[in-house]
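Just so it is clear, none of the values below were taken in a lab; they were calculated from the coordinates. Keep in mind that what you see is a predicted model, and the values were worked out from it rather than measured. Please note: Cβ atoms are built from the backbone with ideal geometry, for glycine as well, and neighbour counts cover all protein chains shown.
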Amino acid sequence: MHRRFVFPKNLLILLLPCWLLACAVPEGTQSPARRLPTDAEVEQYNASVAPEERIVCREEIPVGSNIPKRVCRYVKDIEETSEFHRAQLRRVLN
């Protein structure tokens with residue numbers, strides 16, 4: 001005859017709150033290192049750097065969501081990404 005495994009109640013009582021709290025981290029919580037700059041900070045930074053090193057911030061709506069998200073990128077990165085996508089499109093169409 002096989003013995004059926006019974007999960008110890010004490011262990012369940014200890015683990016259940018931990019499991020629930022792990023799921024309760026507020027969305028959008030970011031560490032200070034990942035905080036996006038404010039418009040004033042971007043403006044101040046852009047005034048002190050070369051045009052290709054400037055930062056552009058805008059609101060983007062992610063696919064599958066209606067909630068806009070603030071996204072900041074370097075102008076240089078935007079241009080490189082655009083050129084990459086244009087090259088890929090040219091490669092596919094030719």
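Per-residue HN-Hα couplings for the range 85-94, Karplus 6.51 cos²θ - 1.76 cosθ + 1.60 at θ = phi - 60°, whole Hz, x for Gly and Pro?
Working through the residues one at a time gives 5, 5, 5, 5, 5, 4, 5, 6, 7, 9 Hz.
Quick one: 3J(HN,Hα) in Hz for the range 46-63, Karplus 6.51/-1.76/1.60 with θ = phi - 60°, rounded, Gly and Pro as x.
Result, rounded to whole Hz: 5, 5, 10, 10, 5, x, 6, 9, 6, 10, 10, 10, 7, 8, 10, 9, x, 4.
Please order Leu36, Leu93 by the number of other Cβ within 10 Å, starting at the fewest. It would help to have the intermediate numbers written out before the result.
On the way: Leu36 13, Leu93 6.
Ranked by crowding around the Cβ, least crowded first: Leu93, Leu36.
Could you tell me whether the range 36-94 comes out rounded, prolate or oblate from its Cα gyration tensor? Rule is a ≥ b ≥ c as square roots of the eigenvalues, rounded for a/c under 1.5, then prolate if a/b exceeds b/c, otherwise oblate. Could the numbers behind the result be given before it?
Values: a/c = 5.61, a/b = 1.35, b/c = 4.16.
Cα axes put the range 36-94 in the oblate bin.
Hey, can you grab everything whose amide H is under 5 Å from the amide H of Arg54? Only 5+ residues off in sequence or another chain; H modelled, so Pro and N-termini drop out.
Those lying under 5 Å, H to H, from Arg54 are Val75, Lys76.
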